[in-house]
Amino acid sequence: MLVLPLGFLLTQYTITGYDASAHLSEETTHAATKAARGIWQAIFYSAVGGWVLLLAFLFAVQDEEAVSAAGGGVAAIFSQALTSGWATVVLGIAAVAFVLTLPALARVDIGGAPVPVAFFAVVSMAVVGLYLSFLIPIWLRLRAGARFTPGPWTLGRRYRWMAWVAVVEIVVISAYSLLPVTRAGLPWDSGFAPEFVNDAPIVLGGVLLALWVAWHASAKHWFTGPRTTIDPAEAVTAAGAGAPPASRPWGGRAERPTS
C-alpha cells in the first residue's frame, strides 16, 4: 500500500504538457474536437515515450548501491552507463538547469545519502498545485451529472468512472507528495530536525488559506466572472460548426449534446 503509490509519483512530474492543446484552442480550427483529441493523444504518446525512457534509465544502472548512495540522481546512472567524456557532455547540457535551481539543490545527508530536500519540496508544491487545478473541473463535472451539456467530443457514459479514477488518483498522489522524504521530518520522531521538514504542505496550506481569506474579505464582493467580448454560446457553436464527426479514442460516434 505504500510502495505502489510511491511508484506513481514519478509519472506526475512528466504528465503536464498536454494542457497546451487547451491553451492553443483559440488558434485552432474546429477546436471543439481537435483540442480534445490533441489532449488525449498527447497523454497516450507521452505515456509510451515516458515508459521507454524510464526503462532506458532502469537498464542503464550498473551498480544499484552506488546509485542509491549518490541520492538516486541520473548523474550516477550516466557515469556508469557512458564513458567519462560522454557523461560529461550529457551532464553539461543539464548544467544550466542545475544553476537556475541551485539554491534549492542544497543537500541534506539522510542515512549516508545526500538528498535535496528543498528541491523536493519545490517540485512537490508545483506538482500538487498543478494537479489540484486539474481536479477542480473534473470534480465539477461529476457534480453536474446529467445537468452538464457535453460538446461535440465527449467521453459518453464512461466519463463517470474515468472521472472518479482521476479524482482518487489526484488525492492519493497529492497526499504522498506532501509527506516528508524521511522520518526525521516528522515532528513526533525522535530524530526530528527542521532541515528534514517538507515545506510543501506548509507553503501550500498558507497559500490556500490566504486565497480563502482574500475571497471572502474582498474578491467575492466585486468579482462577477471573466470579461467576454463575444457570446459564449455563439463561440461554442462556431467552434464546432463544420467540424468532422468526432470519434472517441475507442471508436464510435460522438455523443449528441443534450440539454
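Read-outs: derived from the displayed coordinates by stated rules, not from any lab. All values derive from a computational prediction rather than experimental measurement. Here Cβ is always computed from backbone atoms with ideal geometry, including for glycine, and neighbour counts include all displayed protein chains.
Ranked by how many other Cβ atoms sit within 10 Å of their own Cβ, fewest first, the residues MET162, MET125 fall in the order MET162, MET125. Taken about its Cα centre, region 114-219 carries a charge dipole of roughly 780 debye when the Cβ of each Lys and Arg holds +1 and the Cβ of each Asp and Glu holds -1.
Multiply the residue gap between ASP63 and MET162 by 0.36 nm, knock off their C-alpha separation, and tell me the result in nm, one decimal place.
Between ASP63 and MET162, full extension yields 31.7 nm more.
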